[in-house]
Amino acid sequence: MTLLDSAQKQRIEAAIAALEERSAAEVVVAVVPQSGRPWLTRSLVAFACGLLGAWLFLEAAPVADVRWALGFEVAVTFAAFALFGARPLERLLIAPALAEREVEEHAFALFARRGLHRTRGHTGVLILLSELERRAVILGDEGIHARLGEQGWRRHVERIVDAIRRGRAADGLVEVLAELTDVLAELAPPETNNDDELPNAVLDER
């Protein structure tokens, strides 16, 4: 299940357009299914489950052919890999500190790849939501970040994360965009030529 459906994306795009009418900011909202590589941890856990399964098999049937134990190990490994593919379980395999770092790294990479650093007034803002990790990151280019700073984004990030966990990601985003409208209108007032340099459509990278 994705965080945002088409109707919710339209609400967010309308909120972005309203924000950009009142400021020189160029806001991009992106949703990604995951930021890290959880399949690596998932593979290790599945392999460990397979080894444990084979050991228990041999303990229960010490005279059994070892090939049966190997077959049982393979079956348990594949079953565990499939089981931990369920989002709630897969999420449990990711350490919070690792999840936070990977989402931040993904945000910085996306900021550069999508050209948010190339706006005329250096007023690009990226809001990234990562579904698996249930994390959000807000990055501002130097024209905004220098005046707002990391602490200036923190409250908005926490509000989005709380909304994601309550299954209300779209509501949280729209509320934060509305709050940022006043903030960004003061920090980066609209210019005479207030062109829309970046698309308002929500990026869904899946």
On Cα atoms only, tilt of 96-113 relative to the major axis of the chain in degrees = 50
With springs connecting C-alpha atoms under 10 Å apart, model the chain as a Gaussian network and identify which of Val66, Val28, Val183 has the largest mean-square fluctuation.
-> Val66
Taking K and R as +1 and D and E as -1, what net charge do the other residues with C-beta under 11 Å from the C-beta of Leu52 add up to?
-> -2
Anyone know which of Leu89, Leu116, Leu128 comes out most mobile in the 10 Å Cα GNM of the chain?
-> Leu89
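With the Cα gyration tensor of segment 67-206 giving a ≥ b ≥ c as the square roots of its eigenvalues, does the rule (a/c under 1.5 for rounded; else a/b larger than b/c for prolate; else oblate) give rounded, prolate or oblate?
Because a/c hits 1.5 or more and a/b exceeds b/c, segment 67-206 counts as prolate.
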Along segment 176-191, what does the Karplus equation 6.51 cos²θ - 1.76 cosθ + 1.60 (θ = phi - 60°) give for ³J(HN,Hα), rounded to whole Hz, x for Gly and Pro?
-> 5, 4, 5, 5, 5, 4, 5, 4, 6, 4, 7, 6, 9, x, x, 8
What's the exposure ranking of Val174, Val125, going from fewest to most Cβ atoms within 10 Å?
-> Val174, Val125
What FRET efficiency do you get for Arg67 and Trp39 if R0 is 25 Å and r is their Cβ-Cβ distance, rounded to the nearest 0.05?
-> 0.30
First check a/c for segment 38-92, with a ≥ b ≥ c the square roots of the eigenvalues of its C-alpha gyration tensor; if it is under 1.5, answer rounded, and if not, answer prolate when a/b is larger than b/c or oblate otherwise.
-> prolate
Report, in degrees rounded to the nearest 10, the 0 to 90 angle that the Cα long axis of helix 38-60 makes with the longest principal axis of the chain.
-> 20
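So what is the relative contact order for segment 38-92, in percent, with contacts set as C-alpha pairs under 8 Å and at least six apart?
47 percent.
FYI, it's all coordinate maths here, none of it is from the lab. Computed from a predicted structure; not experimentally measured. FYI the Cβ positions are ideal-geometry reconstructions off the backbone, even for glycines, and counts take in every protein chain you see.
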